[in-house]
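Here the structure is laid out as structure tokens; the discussion comes afterwards.
The values are calculated or read from the model by the stated rules, or taken from the named source; none is laboratory data. Here the structure is a predicted model, which is why all the values come from computation and not from measurement. Note that we place each Cβ from the backbone using ideal geometry, even for glycine, and neighbour counts take in every protein chain shown.
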């Protein structure tokens, strides 16, 4: 599965891209704020590609200009790794991008494409998006993408083992179609 946007190609990660993934995912400003540890080696990044990024609907965020993957995004369902409490017909969108590409609108562009897939192709009823307290960039992506604040959970155990506050945003099929009138 490949999704094309104006500036991006969203496609599956390839094992040959482990060194590129490591270059961005080793940055301590990226993983921990999203709840995952910085990658420790190219081998660690290869394991992540095999074990995590091989999941269905998980995409490398590839710049058309350079053909380089600079981040990752995906749609997670109730039976996979996710943080929102979901019902059947719902999913959660997650994303991150390498620091040199922060603030350039690439992730909102990717999320817009994922939302189109969720509602127009996968026929979902609702899509969640969550972020930990203090992750203002993720909050901005939620708001820019048209998600509406839904609730906050306190004392959530992150994958790193610490307790955090997590904010959840929701977009229903009706919300999506109201924003994206054809």
message: Scan region 23-39 and tell me whether some residue there is crowded, with 21+ Cβ neighbours inside 10 Å and not in a loop (DSSP other than H, G, I, E, B).
response: yes
message: Cβ-Cβ under 7 Å, sequence separation 6+ or interchain: first residue in region 132-144 and in contact (Cβ under 8 Å) with a residue 24 or more places away in the chain and on the phi > 0 side of the Ramachandran plot, partner surrounded by 14 or more Cβ atoms within 10 Å (Cβ to Cβ) and in a helix (DSSP H, G or I). Which pairs?
response: 134/33
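Give 112, 99, 87 a once-over and let me know the one that is exposed (fewer than 14 other Cβ atoms within 10 Å of the Cβ) and touching a residue at least 40 places away in the same chain (Cβ under 8 Å). Steps first, answer last, please.
Details: 112 fails: exposed (fewer than 14 other Cβ atoms within 10 Å of the Cβ); 87 fails: touching a residue at least 40 places away in the same chain (Cβ under 8 Å).
From the options 112, 99, 87, the qualifying one is 99.
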statement: When (1) touching a helix residue (DSSP H, G or I) at 6+ places or on another chain (Cβ under 9 Å); (2) at pLDDT 95 or above are applied to residue 130, the one that fails is (2)
